[in-house]
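Enquirer: My questions will all concern the structure given below.
The values are calculated or read from the model by the stated rules, or taken from the named source; none is laboratory data. None of the values given here were measured: they were computed from a predicted structure. With ideal geometry, Cβ positions are generated from the backbone for all residues, glycine too; neighbour counts draw on all protein chains shown. These accessible areas exclude ligands, DNA and RNA; they are computed on the full protein's heavy atoms, side chains included. Shrake-Rupley method; radii C 1.70, N 1.55, O 1.52, S 1.80 Å.
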Amino acid sequence: MGNCCEILGNFFCGQKNTNIRISLPAVCFVWQIAMVILFGVFIRYDEESDVRKWLEHKHSENITSDIENDFYFRYPSFQDVHVMIFVGFGFLMTFLKRYSFGGVGFNFMIASFGLQWALLMQGWFHSLDPATGKIYIGVESLINADFCCAGSLIAYGALLGKVSPVQMMVVTLFGITLFAVEEFIILTLLHCRDAGGSMVIHAFGGYYGLAISWVLYRPNLHQSKRLNGSVYHSDVFAMIGTLFLWMFWPSFNSAITDHGDGQPRAAINTYIALASSVITTIGISSMSQKKGKLDMVHIQNATLAGGVAMGTAAEFMITPYGSLIVGFCCGIISTFGYLFVTPFLEKYLKLQDTCGIHNLHAVPGMLGGFIGAIVAAAATVEVYGEEGLIRVFDFEGEFADRSVGTQGGFQAAGTCVAVAFGVVGGAAVGLILRLPIWGDPADDNCYDDEVYWEVPEDEETIPPVLEYNNHMIHKHQDISESNFSVEQS
Amino acid sequence: MGNCCEILGNFFCGQKNTNIRISLPAVCFVWQIAMVILFGVFIRYDEESDVRKWLEHKHSENITSDIENDFYFRYPSFQDVHVMIFVGFGFLMTFLKRYSFGGVGFNFMIASFGLQWALLMQGWFHSLDPATGKIYIGVESLINADFCCAGSLIAYGALLGKVSPVQMMVVTLFGITLFAVEEFIILTLLHCRDAGGSMVIHAFGGYYGLAISWVLYRPNLHQSKRLNGSVYHSDVFAMIGTLFLWMFWPSFNSAITDHGDGQPRAAINTYIALASSVITTIGISSMSQKKGKLDMVHIQNATLAGGVAMGTAAEFMITPYGSLIVGFCCGIISTFGYLFVTPFLEKYLKLQDTCGIHNLHAVPGMLGGFIGAIVAAAATVEVYGEEGLIRVFDFEGEFADRSVGTQGGFQAAGTCVAVAFGVVGGAAVGLILRLPIWGDPADDNCYDDEVYWEVPEDEETIPPVLEYNNHMIHKHQDISESNFSVEQS
Amino acid sequence: MGNCCEILGNFFCGQKNTNIRISLPAVCFVWQIAMVILFGVFIRYDEESDVRKWLEHKHSENITSDIENDFYFRYPSFQDVHVMIFVGFGFLMTFLKRYSFGGVGFNFMIASFGLQWALLMQGWFHSLDPATGKIYIGVESLINADFCCAGSLIAYGALLGKVSPVQMMVVTLFGITLFAVEEFIILTLLHCRDAGGSMVIHAFGGYYGLAISWVLYRPNLHQSKRLNGSVYHSDVFAMIGTLFLWMFWPSFNSAITDHGDGQPRAAINTYIALASSVITTIGISSMSQKKGKLDMVHIQNATLAGGVAMGTAAEFMITPYGSLIVGFCCGIISTFGYLFVTPFLEKYLKLQDTCGIHNLHAVPGMLGGFIGAIVAAAATVEVYGEEGLIRVFDFEGEFADRSVGTQGGFQAAGTCVAVAFGVVGGAAVGLILRLPIWGDPADDNCYDDEVYWEVPEDEETIPPVLEYNNHMIHKHQDISESNFSVEQS
């Protein structure tokens, strides 16, 4: 921030101004009104959720039962993904001792804001009907919108406690936009498969957040060190997030895969990889600590790495033991990341990564992209069948002649595109965020809910008892009651 | 309570008696035995869950696949609704610093008791087979029973911390009964559509709770003021409730809508409206506080107003931007309610509303009813198609000739019926609850789990350390250990 | 532990060694590598999740729609069961004031480890294809693997806080193995029906844990008494576990029942029984305490007894009022167990049961087995229909001539087998666990996360305020700051 400060002069004299009473409402209302207008112009129901079109569709396609509606294939998975986005990511970020409101609350804000913009951006790129100029949305659009938000929420993990909500609105706005563009390049132009988003969600989101955090480096962040840690119950809250992410990750990776065999295969592969991650995470965590004690940071995060790394390959015929190996390796890599890489990045690369998204999303996501490339390139007619290869890799239309080797190459290229978009986009957004107008906290004021939230005063718990005690104390020692304003949480 | 006190004389002399050792078990056992008898007389499996009838039904209807069983259309939504009722409502009410047991525990009791009575009451009104005199239940009956409980749980929100569990049993018993009657009038006699229950659940439940609370006005409630607030971690617990309600509201509004297009449409509309509510709630909350700080009360509650207000219109063709506008407005209205209306009601109308259900359920529910009326009245053949209009508004049998304009009028009338039932029924039940036999707490004893729960003593956390400290303190200061019985949560 | 100590001599001189830095990683890595190899040799996708086989299967069976894939019948229930295993059991065990990390964290470890071994063990016993020597897994295999873990997690409930994670790995390894064998005997050889596992999961798991705990009796456990209790917020955390178990139990009991009528019937029966349990639990709990106060231990546990006891009978035509009666009785029995039997067992039978699994799983599970036997024996052609009897009890192949009376006898025999396996297997495993190599804690060190976890230091919450206070205190009283290291969460 030093340079910026010198250049912009008196913007920064004295305490930073964290007053967002004008900027936050302004952003909220301007954007929400814009959403109303854009939804009015562009967004309509698709043929599965519009009563007239569904009845016509049933007649024309000779569909005999309403159960054929895509809703019944995808809605349970959608709700699982929805829980991951709001409770999973939200509670995972409650682990700090005094930033739980910000963790779960701003997560809520980012996702609610982002999913609206995602419906538009993804609609323009993927489902704009050129005949009518409208975007037709259904249940799958909702899943994709939630996925799109995940990228920005991952980025929030690196920035947690160091940015203002207005800054997060900016991060989200650009994050969703970049996401839609890279997703279009990777899925449509390069024709990659990435149902669980190792590339488009995790690698992109991870590097996007890391690049922003790198640009926003705070040299004096140690002044907030006292708040950059957990307390006992905040770690238990964070386990709610971890477990809901972990349990529903099979739904995440299978939510938009092929009907029929695709969904169970993706779910099974993810389930197996995640179980394996847990065991190797525990092994490494125990090995690294005095007396073999486990570290909650590892259990909360590295156990999920198997799910991230299966994002691309889960829908392929990676085999159950292949999934087990992926989870095995990623649990180890991710835990090592928390032990050695995050401290290294902070010390030598000036990269402050609050939640360690480098180890949970960036690296496993990138690995997941390459694993997908290898599994795709290794696909054979023997395993998939002729029809199966076409079905799984969507070798139709202009891609009918693509070989699995070529597909593998494009999958690898797609991973690189995702990382490049994350790094370049994040650096650019980081520069925008260095403008001194966003109300971010000072270096000695980070990780503190007091800055953006009305925090309840926790003076007393069972007042009658404490009153008595205080009374006793007053009598004997003449200490003002406030000396005993101990916490009860 | 003044009048009542004078009339009933020495019932009230001295401290209130909160002993419920006889009354609560008596109510539980009498009612549970009554349930066994009534279930024995009336309740049977329907043709989708009875093995003999299902096999006959499949043969007679030429159903080829078990997937046509209604279970597969509705069970995922049922489980989401179930989570909303028990975890959503339950944890939303844990926000008070020392009433979390009562919030989540009595919620559990009310819903478990209520759903049994609801199966009977709704069965008698809606699915009693006159030929056999039996009620046939299936998965949709379970969803409706959960919905029915929601009305009484909303009412509990207004009464939280001020009533005894025995009183809540009475509130639930009458609440379910009134619900079944008003639902019969609104859905069957007036032939309204109200799949997500803006009218029958939220408007009714909200005004029912408010009327009870108004009759039970406690002039000296300020004596419990020290406990009428949150602490840091209780606010985080409440966010669990908020998020599960928010995430699963699309399932709530789509759980009993039409198979096929009806369920995805209701889910999409609700999803969009809720996202919009979050953003406007944050805008108003920030605008209203010094330095733009957000208030957890608003985030926990007003963000849900969009879901309440879409309860009726969600299954109609309200369009995505229509949903966005509904959420937009209701987020604002609800937050303003928390800022200005709740304090006003308490001060001038003597209405103490612990959770602010006026702003989250009563007003958005009533608005939702009128929004539904407008959207119904504005329906056109062009948008719905001939067949679609009949499908969505159920213009069949004796209602085959009803126009959409007439339907809109009946929808509006239904809203008024729901409000009237809530107000009148609540006032009557409130009078019953003023009898001094229910074991409710005194005005200086509200919002305190100590009254009805064995609360663990929180003397020490890591005893060895504290013991050492206490030892030190003893030596130097001669203060008994209990003086330091500080809280640890 | 006394005998063992004498025999093994100097192993035990002085403080117990709880260092697991070598043993835990060793177990994790050896086992995880073994899993990779065994999965590689044995496990393959079944025909519903293998793209080639599914396409062939569709062609050969003339299946027109992908919705016929078993995934769409079972996946929503699978995810509910998954939540019960990881969040339900996990959070139910967070109730201790300083063992929440161990409760939810080791639960996570046990289940992740166990489900892999369960896929193999259950595969070998139930779905090994003799032609290929492979195990073919699908969504139902995942549900069964989760079920299998439940047995070991129940056993963990009895041992909570008194064993090391390495010991729990051993308990799980043998627990899964024993489970697969007894399940094979009960379901395949005796041809019992036990969809929700009253016998194979709850009775087995309960007695398995109790037998282990009995062998591991700690005479001086009272030395850890200060930590064997809850604090306010840990009880609220435990309610998360209770509620997710309670809400999703209908999915647990219906997850692997027959397609079509079987799943809704099992869900309805369980839903009704659970509601009834809650009310009678509250009645007895209130009746047993001074002033009728409720005890959180009962609400957290006994409310679930109805679900346990319906594990076998839920898929039968037990009738709704039959379910209500089962829940009614089991709520009472389970609460009485917590009030009288657990203290009795501890005092006179030297059986220390941390979570009271005797009352929640062992007894209701055994009762559930016998209830299933009675309901099976009472089945009639009139109620089930000819075809229905065959469908529900699977009277096919070599069992085509079995009568319902005989079936009832075999169901009862199956219950005894489950209990016998639990008791004998548990005693044997307990003896293994008495070897002094597992790193278990000393008697005065139980129920303490400090032993196996890096626990955050909770010295201060809002440091500026406390610093000020401490400063004041220093000035006036010359007490070192650490005296006030009071807890904050």
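Enquirer: Collect the residues in the stretch A:50-66 that are of a type in the set (V, I, T) and at pLDDT 95 or above, keeping them in residue-number order.
Expert: A:V51
Enquirer: Return a yes/no flag: does the stretch C:43-52 have any residue that is part of a helix (DSSP H, G or I) and more than 7 Å from every other protein chain (Cβ to nearest Cβ). Explain how you work it out, then say what you get.
Expert: Residues of the stretch C:43-52 part of a helix (DSSP H, G or I): C:51-52.
Next cut, more than 7 Å from every other protein chain (Cβ to nearest Cβ) only: none.
Within the stretch C:43-52 (the criterion being part of a helix (DSSP H, G or I) and more than 7 Å from every other protein chain (Cβ to nearest Cβ)), the answer is no, since none of the residues qualifies.
Enquirer: Which residues, counting only those in the stretch B:94-116, are more than 10 Å from chain C (Cβ to nearest Cβ) and open to solvent by 10 Å² or more (accessible area, probe 1.4 Å)?
Expert: Of everything in the stretch B:94-116, just one residue is more than 10 Å from chain C (Cβ to nearest Cβ) and open to solvent by 10 Å² or more (accessible area, probe 1.4 Å), namely B:F95.
Enquirer: Further question: Only one residue in A:V236, A:V231 is crowded, with 24+ Cβ neighbours inside 10 Å, within 10 Å of chain C (Cβ to nearest Cβ) and over 24 Å from C:I85 (Cβ atoms), so which one is that?
Expert: It is A:V231.
Enquirer: Working carefully through the options C:S251, C:S276, C:S323, find the one that is part of a helix (DSSP H, G or I), open to solvent by less than 10 Å² (accessible area, probe 1.4 Å) and touching a Leu at 6+ places or on another chain (Cβ under 7 Å).
Expert: None of the others qualify; the one that does is C:S276.
Enquirer: Exactly one of these conditions fails for B:I143: (1) assigned to a helix (DSSP H, G or I); (2) among the aliphatic types (A, V, I, L, M); (3) buried (at least 24 other Cβ atoms within 10 Å of the Cβ). Give me its number.
Expert: (3)
Enquirer: Could you pull out the residue among C:H126, C:H82 that is modelled with pLDDT of 95 or more and either surrounded by fewer than 24 Cβ atoms within 10 Å (Cβ to Cβ) or at the interface with chain A (Cβ under 7 Å from one of its Cβ atoms) (or both)?
Expert: Values: C:H126 fails: modelled with pLDDT of 95 or more.
From the options C:H126, C:H82, the qualifying one is C:H82.
Enquirer: Of all the residues that make up the stretch A:54-79, how many are more than 8 Å from chain B (Cβ to nearest Cβ), free of Cβ contacts under 8 Å to residues at least 24 places away in the same chain and on the phi < 0 side of the Ramachandran plot?
Expert: 7
Enquirer: Which is under 12 Å from the mean Cα position of the chain (by Cα) and either surrounded by fewer than 24 Cβ atoms within 10 Å (Cβ to Cβ) or under 25 Å from A:I282 (Cα atoms) (or both), of C:A203, C:A158, C:A180? Give the steps one after another, and end with the answer.
Expert: Numbers: C:A203 fails: either surrounded by fewer than 24 Cβ atoms within 10 Å (Cβ to Cβ) or under 25 Å from A:I282 (Cα atoms) (or both); C:A180 fails: under 12 Å from the mean Cα position of the chain (by Cα).
Residue meeting the stated conditions: C:A158.
Enquirer: Could you go through the stretch C:329-338 and let me know if any residue there is open to solvent by 10 Å² or more (accessible area, probe 1.4 Å) and among the β-branched types (V, I, T).
Expert: yes
Condition check ((1) among the aliphatic types (A, V, I, L, M); (2) modelled with pLDDT under 90; (3) surrounded by 22 or more Cβ atoms within 10 Å (Cβ to Cβ); (4) under 26 Å from the mean Cα position of the chain (by Cα)) across all residues:
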| residue | (1), (2), (3), (4) |
| --- | --- |
| C:V429 | yes, no, yes, yes |
| C:R434 | no, no, no, yes |
| C:G439 | no, no, yes, yes |
| C:D444 | no, no, no, no |
| C:D449 | no, no, yes, yes |
| C:I462 | yes, yes, no, no |
| C:Y468 | no, yes, no, no |
| C:M472 | yes, yes, no, no |
| C:F484 | no, yes, no, no |
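Enquirer: If you don't mind, there's one more thing I want to ask. Can you tell me how many residues in the stretch C:349-402 are under 30 Å from C:A238 (Cβ atoms) and of a type outside the set (F, W, Y)?
Expert: 23
Enquirer: What about A:I282, is it free of Cβ contacts under 8 Å to residues at least 24 places away in the same chain, in a helix (DSSP H, G or I) and either of a type outside the set (A, V, I, L, M) or in contact with a Ser or Thr (Cβ under 9 Å, 6 or more places away or on another chain) (or both)?
Expert: On the way: free of Cβ contacts under 8 Å to residues at least 24 places away in the same chain: yes; in a helix (DSSP H, G or I): yes; either of a type outside the set (A, V, I, L, M) or in contact with a Ser or Thr (Cβ under 9 Å, 6 or more places away or on another chain) (or both): yes.
So A:I282 passes the test.
Enquirer: Please indicate, with yes or no, whether at least one residue in the stretch A:405-419 is over 29 Å from the mean Cα position of the chain (by Cα) and not β-branched (V, I, T). Write out each step before concluding.
Expert: Step one: filter the stretch A:405-419 for residues over 29 Å from the mean Cα position of the chain (by Cα), giving A:405-406.
Checking which are not β-branched (V, I, T) leaves us with A:405.
Among the residues of the stretch A:405-419, at least one is over 29 Å from the mean Cα position of the chain (by Cα) and not β-branched (V, I, T), which makes the answer yes.
Enquirer: To continue, here is another question. Which condition from (1) assigned to a helix (DSSP H, G or I); (2) open to solvent by less than 10 Å² (accessible area, probe 1.4 Å) is the one that A:M287 breaks?
Expert: Condition not satisfied by A:M287: (2).
Enquirer: A follow-up question, please. Of all residues in the stretch A:384-423 being in contact (Cβ under 8 Å) with a residue 24 or more places away in the chain and not in a helix (DSSP H, G or I), which is most open to solvent (accessible area, probe 1.4 Å)?
Expert: For the stretch A:384-423, the residue satisfying everything is A:D394.
Enquirer: OK, next. Identify the residue in the stretch A:290-311 that is open to solvent by less than 10 Å² (accessible area, probe 1.4 Å) and out of contact with any Phe, Trp or Tyr (no Cβ under 9 Å at 6 or more places or on another chain) and, among all such residues, is farthest from the other protein chains (Cβ to nearest Cβ).
Expert: That would be A:A309.
Enquirer: When you scan the stretch C:254-273, how many residues do you find that are facing chain B (nearest Cβ under 7 Å), buried (at least 23 other Cβ atoms within 10 Å of the Cβ), over 20 Å from the mean Cα position of the chain (by Cα) and on the phi < 0 side of the Ramachandran plot?
Expert: 5
Enquirer: Kindly list the number of the only condition in (1) within 7 Å of chain C (Cβ to nearest Cβ); (2) open to solvent by 10 Å² or more (accessible area, probe 1.4 Å); (3) in contact (Cβ under 8 Å) with a residue 24 or more places away in the chain that fails for A:L216.
Expert: (1)
Enquirer: Hey, another quick one. In the list C:A211, C:A195, which residue meets the criterion of being more than 30 Å from B:D458 (Cβ to Cβ), among the aliphatic types (A, V, I, L, M) and more than 14 Å from chain B (Cβ to nearest Cβ)?
Expert: Values: C:A195 fails: more than 14 Å from chain B (Cβ to nearest Cβ).
Among C:A211, C:A195, only C:A211 is more than 30 Å from B:D458 (Cβ to Cβ), among the aliphatic types (A, V, I, L, M) and more than 14 Å from chain B (Cβ to nearest Cβ).
A quick yes/no check of all residues on (1) over 21 Å from C:V81 (Cα atoms); (2) of a type outside the set (D, E):
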residue: A:W249; (1), (2): no, yes
residue: A:F252; (1), (2): no, yes
residue: A:D258; (1), (2): yes, no
residue: A:S276; (1), (2): no, yes
residue: A:T280; (1), (2): yes, yes
